[in-house]
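Everything on this sheet refers to the single structure shown next.
Any read-out appearing in this document is the output of simple, stated calculations on the displayed coordinates, not a laboratory observation. Note that the coordinates shown come from a computational prediction; the quantities given were computed from them, not determined experimentally. Neighbour counts are summed over all protein chains in view; Cβ atoms, including those assigned to glycine, are modelled from backbone coordinates with ideal geometry.
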Amino acid sequence: MRKVLVIAYYWPPAGGPGVQRWLKFVKYLPDFGFEPIVYVPENPSYPIVDENLLKEVPSSIKILKKPIKEPYGWASLLSKKQTKTISSGIIKEKDPSFMEKVLLWIRGNFFIPDARKLWVNPSISYLAKVIADEGIGTIITTGPPHSLHLIGLGLKKKYNVQWIADFRDPWTSIGYHKKLRLTESSRLKHEALERAVLVKADKIVVTSHTTKSEFKTITPKPIKVITNGFDDELQPLELDADFTVSHIGSLLTGRNPFGLWQALQELIAENEDFKKSLKIQLAGVVGEEVLQSIEDFGLMDCVQQMGYLSHDKVLEAQQKSQLLLLLEIDSEETRGIIPGKLFEYLNAKRPILAIGPHEWEAGSMVEQHQAGHMCLHKDVASLKSVLLEAFHNYQEGNLNCTSEGVEQYHRRALTESLAKFI
């Protein structure tokens, strides 16, 4: 089998959707003639940990590790809570503290492209021998963190290998990039590094057609869209007795669905049965400003905060929920973001309410697969209509999902597409 070196930061026991993508690719690549060798940090700083994912790592896979120096550990000496919050991706929209402003400025301007940049040069030196000893013909870097693409860039300059850069999210066009308090000089450095990676990589993989269109304006190199997906064979579970409206995953401040909270508030006031049955389930990290909004709309009595759930519990919660929420920031920059949870939602076969920006690619997918409805953030009337229809179907015991064509998102099918691209 041909050997492929996969360079990743997020790996079990890290939790969250960023881990699933390459954990599953690695699982299925041997079926298509490739032997993956995985290179990850020895002592990473993961904001979320899920020990159960360690059980899914194939025992036959060779995993290489090298220590990493991360500034989040040093910054936590100043403010442990705020450092963990920023490393989790939560950036306050309103009234950030002085310490948060300082940490963001340092993160954006001193650590370009990101806080894992100190791992780049040691990794290039270490992997040189690995490439020679193992006879590696292809290296794959996956970001974010996008500093890992700089490892690929360095190796490509020195060795005759094929380099594929996998972008799970965009780089300079992603929503939070503008919140990093970048100087003009720092902004230009980010753009220059992004261009260097896109031009020097032999091939590029992205997770959405929107990102592909964006990158095609920068590079002539081949770009392949390979979305995230699902891998679990699910057994039928009994649905929740309550009218559960569930969001699985981090609900950060930018995704705060004010229109949804208003729609729910009005429905509670107008419909006593709706009020008695509604339960809003939030699984994962929830921003303080989101919780304050829920309080302001008088919905806190309906909320169940489930905290971080292990992956097996996530699958269970998705299957049992009456209605699944898919949320994205209301901005032009997020039109191409397709949350990894969408594909597990599709596999769960529960109706989806997608709320995001105009021409949101993920929302279009929900409707194309007949898996639910897409609404804009400020369209309270449409949100109320969708929620009320779902509630009436729930009351009649007929709230179902008839999604079609989702088999293409099984991780094995996606890995076959990746293998052909390699």
Which of the chymotrypsin sites (Phe, Trp or Tyr not before Pro) found in the range 213-280 are loop residues per DSSP with 13 or fewer other Cβ atoms within 10 Å of their Cβ? none
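Where both residues lie in the range 1-63, what percent of DSSP beta bridges are antiparallel, nearest 5?
Working: 1 of 9 bridges.
That works out to approximately 10 percent antiparallel.
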Residue of LEU376, LEU260, LEU388 that the Gaussian network model of the chain assigns the largest fluctuation, springs spanning Cα pairs under 10 Å: LEU388
Just for the chain, what percent of DSSP beta bridges are antiparallel, to the closest 5? 0 percent
Straight-line reach from LYS320: which lysines have Cα under 16 Å away, leaving out those fewer than 8 places along the same chain? LYS279, LYS341, LYS349
Put +1 on the Cβ of each Lys and Arg and -1 on the Cβ of each Asp and Glu in the range 198-287; which of GLN281, THR210, GLN265 then has its Cα farthest toward the positive end of the dipole? THR210
Considering only Cα-Cα distances, which of the following residue pairs are longer than 27 Å: LYS69/LYS203; LYS157/LYS216; LYS27/LYS216; LYS189/LYS420; LYS275/LYS378? LYS69/LYS203; LYS27/LYS216; LYS189/LYS420
Most packed first (mean Cβ within 10 Å per residue), the peptides 336-348, 36-48, 401-413 order as 336-348, 36-48, 401-413
Order of 4-12, 357-365 by packing, highest average Cβ count within 10 Å first? 4-12, 357-365
